[in-house]
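K.L.:
Shown below is the structure under consideration.
No value in this document is a laboratory result; all are computed from the given coordinates. Only a predicted model underlies this, so the values are computations on that prediction, with no experimental measurement involved. Here Cβ is always computed from backbone atoms with ideal geometry, including for glycine, and neighbour counts include all displayed protein chains.
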């Protein structure tokens, strides 16, 4: 079992819709969770951090964390074509020394 | 500097040559990571430095790969006797502490002919 699993997609949504990206993790001791956006040919860019159960909102982005179920999700409201990218979920290890990245979900927002 | 700086941005070399990739982390960041990303693939962890502690080398794919971090700042990833399968983008990231978000450099695109 991989440490972090994401649906590779591709996920396509129309412009203006809500995009929902999901991630599950195996290490129950993980404390820090992150979402990165990676445009083709570019390096990953941090877009959200979440550390506590519940929702965290930042503009059009909402991260949701459920430690009991070991999943973290990212909602993108009012999706724009510029949101088209690969979204990487990252989870820190129980020791906090290493991060595990999912393989990413490819999102395409259709104008 | 304002962000993580990596050099060179591109490197083309012949099979069998040694290469050195450099990473200059964000000032004050104690944690430094190296990853490798092949075309269309996810991030492959290579090595992690935290302050003056012994590095976590568990991701290095072979003994041809090594890395060092001098003075707790700049890091160099060295690949000896390069092979074609070493071709990838090598990404460096740094963070304030081990459990804080990582910030990535622009990467070095390595091509082995």
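K.L.:
Taking every residue in A:37-43, how many Cβ atoms of other protein chains lie within 10 Å of its Cβ, on average?
P.N.:
4
K.L.:
Right, something else. Give me the inter-chain shielding for B:23-35: mean count of other chain Cβ atoms within 10 Å, whole number please.
P.N.:
1
K.L.:
Right, next: Ordered by packing density, taken as the mean number of other Cβ atoms within 10 Å over each peptide's residues, highest first, how do A:69-77, B:53-61, A:56-64, A:101-109 rank?
P.N.:
So the order, starting with the most tightly packed, is A:101-109, A:69-77, A:56-64, B:53-61.
K.L.:
Now, a different point. Cα centroid distance between the range B:35-113 and the range A:68-111, in Å?
P.N.:
Answer, in whole Å: 21.
K.L.:
I need the P(r) histogram for chain B: all alpha carbon pairs, bin width 5 Å from 0 out to the longest distance, whole percents.
P.N.:
It works out to 2, 13, 24, 27, 19, 10, 4, 1, in whole percents.
K.L.:
If you don't mind, another one. From the Cα gyration tensor of the range A:33-111, with a ≥ b ≥ c the square roots of its eigenvalues, which class applies: rounded if a/c is under 1.5, or else prolate if a/b is larger than b/c, or else oblate?
P.N.:
oblate
K.L.:
Something else: In Å, what is the Rg of the alpha-carbon atoms in the protein assembly as shown, and how long is Dmax?
P.N.:
For the protein assembly as shown, the Cα radius of gyration and maximum Cα-Cα distance read 17.6, 51 Å.
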